[in-house]
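One structure is given below, encoded as structure tokens.
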């Protein structure tokens, strides 16, 4: 694998370090990086030739960077939840892969999709994740593993039986969780799965897992989110060090 990383924050920097632990990584290109590099497989690059995919945590320039990748005929992984429509369409037309939302929301959606696949009849699904901000005193109740714990969140979307919730949090901790209510073998079940850890660590895992599934061609050409390919994405995240807690009743 030859992966290019454009890092502007903790997610990109942590993802780059995690990817260096992969045996199949031949080279890690630091796109736009100036200065020295510490690892023999790490190269400061100004062009993307020979690298695939381009991975970035730059929210403000996600569309521009994805456009550069599309122009160069390579795939792209972004932490941003969306890019300009015309840019996204170029990946489908060009036969390359664009993975959007390689972030905590992507992990939460993947956890939810994984649990839905294990449930015969699903009546309710909630995917929740933390984001920096002032904690709420009311809203949608969400349970995360300790040390994040129980929190109030704000519903950002509802589609069918699925609810997505953003949970503002202050401090160094972060988390993602999914709650599934339904039936298995005719019996009512409720399952809660979640993660909680230091924020920069989880941000890095979310982006690095996206880089791996795209670099290894585990996701087909086109525009996707982690939850669309939950098994592959979660498997890559577990390789990166993700630890998942679960509770069933």
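Read the figures in this text as sums done on the coordinates, not as results from a lab. Values in this document were obtained by computation on a predicted structure and should not be read as measured data. Glycine also receives a Cβ, built like all others from the backbone with ideal geometry; neighbour counts cover every protein chain displayed.
Counted by neighbouring Cβ atoms within 10 Å, the residues 31, 247 run from fewest to most as 247, 31.
Taking each residue as 0.36 nm, the span from residue 46 to residue 59 lengthens on full extension beyond its C-alpha to C-alpha distance by 2.7 nm.
Remark: 152, 129 ranked as 152, 129, counting other beta-carbon atoms within 10 Å and listing the fewest first. Spin-label pair residue 20-residue 231: with each label point 7 Å from Cα along the Cα-Cβ axis, the two points sit 3.4 nm from one another. What do you get for the angle between helix 199-215 and the principal long axis of the chain? Use alpha-carbon atoms, 0 to 90 degrees, nearest ten. Long axis of 199-215 versus the principal axis of the chain: about 60 degrees. Tell me, how many Å apart are the Cα centres for segment 163-224 and for segment 81-108? Rounded to whole Å, the Cα centres lie 17 Å apart.
Rounded to the nearest 10 degrees, the inclination of helix 62-71 to the longest alpha-carbon principal axis of the chain is 50 degrees. Which of rounded, prolate or oblate describes the chain when judged by the alpha-carbon gyration tensor and an a/c cut-off of 1.5? Here the chain falls in the prolate category. Fully extending the segment from residue 92 to residue 123 would add 7.8 nm, taking 0.36 nm per residue of separation and subtracting the current Cα-Cα distance. Between residue 82 and residue 172, the simple spin-label model (points 7 angstrom out along Cα→Cβ) gives 3.5 nm.
To the nearest 10 degrees, how steep is helix 10-19 against the longest Cα principal axis of the chain, on a 0 to 90 scale? That works out to roughly 70 degrees. Looking at the square roots a ≥ b ≥ c of the eigenvalues of the Cα gyration tensor of segment 172-249, which shape do they give, rounded for a/c under 1.5, prolate if a/b is larger than b/c, or oblate? Oblate, since a/c reaches 1.5 and b/c is not below a/b. One decimal place: the segment residue 183-residue 243 gains 19.0 nm when fully extended, by the rule 0.36 nm per residue minus the C-alpha distance.
From least to most packed, judged by other beta carbons within 10 angstrom and beginning with the fewest, 123, 179, 163, 79 follow the order 123, 163, 179, 79.
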